[in-house]
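Visitor: Here you go, one structure.
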Amino acid sequence: MKKFRIYFVLLFLVSILVGCTETNILDRVGLTTLVGYDVGTEERISTTAVVREINPEFQSNVEVITTENETSKGNRLKANRRLSKKITIGQMRVVLFGEEVAKGDLHFYIDSLLENPSVSNGLYLAVVEGDTSELLQHEYKNIDDIGQHIYRLMEQNIKNEHMISSTLHEIAHDYYMKGKDIAMPIIKREEEFVELTGVALFNGGKMVSALPVEDSFYLKIMRDSFKAGIFETILPKEDIPPALMKDTITEMPVAFDAIRSKRTLKLVDPATPEFDVQLKIKARLLEVHPNINTGDPKVIEGLESAVSKNLSKELTRIVAQSQSVQSDIFGFGDTYRSSVRNSELTKEKWHEMYKNMKINVKVKFEILRDGVFE
């Protein structure tokens, strides 16, 4: 009897809580899946929202609405006045920033997203070449829901390690670190397609440069550990050992997959500062010049040496580009802060030090036998 009373009380409390909770019936709300921000007229914020509406027969309709106001909340009110259903943001999966907005300062937008309890920390952030409204308002022939399409485009490329991850949680973490800057994917409309075209580099909250999409591999192995993926590069003549030179080869394209990488970063001189970066990479060979005898261990050793040399040069190049714009997207500053006692590091202080930083990159590349991976 006592147990029955406890169950009854619990059921009663649950019913009260459910009764007090605001319910959003699916066919009475518009689900915002993506929002894009641009610079509006007279210093206003221009917002483009992709909203999915579902009718009682569970058929959906996608609306793309652009509004201008002094605040993002004001834009939501304006959008609500144009729809027959209340707009909700609990299903928002992507936030895009127009190029002009990104070159301003994203501090306000990052804070606003973090402070909103309805917004998931797992949504993706990205920069658009040009304006987000132009990309989202275009009537694509083969894309029914541009919000879902961009979300899936980013999700599959990030999961397959073709692009760096840029969730709200990750961006906020890097933004508020004293020794690291943020980086985001760049997307662009190309005729009837939407594609990833590069990576935006930031100094604080401002976009200061960009890397082409082909450099996303180097960026990822320098920032994180690679677990799986495909890598393609072209070895120039000066990197190819004489023993591999066949038929007067001037360059050699090679492709690898199932890549595993491990990065070791060490501060060797706090005064400069100077870092040693060691990368161990294992991969399977997919494609190489047909005249290369991959069954010869000496040939494989020469190819490993050539790829190691090429990777070292490319990694040094992209770090140098980030130094030229004082954007530490790799987190060298955080290693410096944790290694130097009483460093009293600030973002401004580290940016000044970062442009004069010296790095020594050493890559050990190992080709595994076909079908074998440890």
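Visitor: Can you give me the convex hull volume of the Cα atoms of the range 133-284, divided per residue and expressed in Å³?
Guide: 184 Å³
Visitor: Order these peptides, 232-241, 196-205, 289-298, by their mean beta-carbon neighbour count within 10 angstrom, highest first.
Guide: My ranking of the peptides, most packed first, is 196-205, 232-241, 289-298.
Visitor: Taking R0 as 45 Å, what's the FRET efficiency between Glu287 and Thr346 from their Cβ-Cβ distance, rounded to 0.05? Could you put the intermediate results ahead of the total?
Guide: Values: r = 47 Å, r/R0 = 1.05.
Efficiency, from the Cβ-Cβ distance: 0.45.
Visitor: Lys141 versus Ala228, label points 7 Å from Cα toward the beta carbon: distance in nm?
Guide: 3.4 nm
Visitor: When the expected Rg is taken as 2.2 N^0.38 Å, what fraction or multiple of it is the alpha-carbon Rg of the range 225-368?
Guide: Working: Rg = 18.0 Å, N = 144, 2.2 N^0.38 = 14.5 Å.
For the range 225-368, the normalised Cα radius of gyration comes out at 1.24.
Visitor: Right, next: Please compute the modelled spin-label separation between Lys280 and Ala243, points set 7 Å along Cα→Cβ, answer in nm with one decimal.
Guide: Going by the 7 Å Cα→Cβ label model, 2.4 nm.
Visitor: Another one. Ranked from highest to lowest mean number of other Cβ atoms within 10 Å per residue, what is the order of the peptides 273-282, 356-365?
Guide: Result, highest mean first: 273-282, 356-365.
Visitor: Along Cα→Cβ, 7 Å out, is where each label goes; now give me the distance between the ones at Arg44 and Lys298 in nm to one decimal.
Guide: Roughly 7.4 nm, to one decimal.
Visitor: Expressed as a rounded percentage, what relative contact order does the range 103-191 have, with Cα pairs under 8 Å and six or more residues apart?
Guide: Working: 62 pairs, mean separation 37.6, N = 89.
Contact order relative to length: 42 percent.
Visitor: Quick check: residue separation of Glu155 and Asp257 times 0.36 nm, minus the Cα distance between them. What number comes out in nm? Show your work: numbers first, answer last.
Guide: Details: separation 102, 0.36 × 102 = 36.72 nm, distance 1.96 nm.
This chain segment gains 34.8 nm when fully extended.
Visitor: Give, in nm to one decimal, the length gained when the segment between Asn356 and Asn116 is fully stretched (0.36 nm per residue of separation minus the Cα-Cα distance). Could you put the intermediate results ahead of the total?
Guide: Numbers: separation 240, 0.36 × 240 = 86.40 nm, distance 3.90 nm.
Full-extension gain reported as 82.5 nm.
Visitor: If each residue's Cβ is checked for other Cβ atoms within 10 Å, how do Lys180, Lys206 rank with the fewest at the top?
Guide: The order, fewest Cβ neighbours first, is Lys206, Lys180.
Visitor: Hey, can you rank 311-323, 125-137 by average C-beta count inside 10 Å, highest first?
Guide: Taking the mean over residues of other Cβ atoms within 10 Å, the ranking is 125-137, 311-323.
Visitor: Could you name the aspartates and glutamates in cross-link range of Lys349, using Cα to Cα under 18 Å and dropping any fewer than eight places away on the same chain?
Guide: Output for Lys349: Asp174, Asp181, Asp269, Glu274, Asp328, Asp334.
Read-outs throughout are calculated quantities, based only on the coordinates presented, and are distinct from any laboratory measurement. Just so it is clear, the model here is predicted, and its values are computed rather than measured. Positions of Cβ are generated from backbone atoms using ideal geometry, with glycine treated the same way; all protein chains shown enter the neighbour counts.
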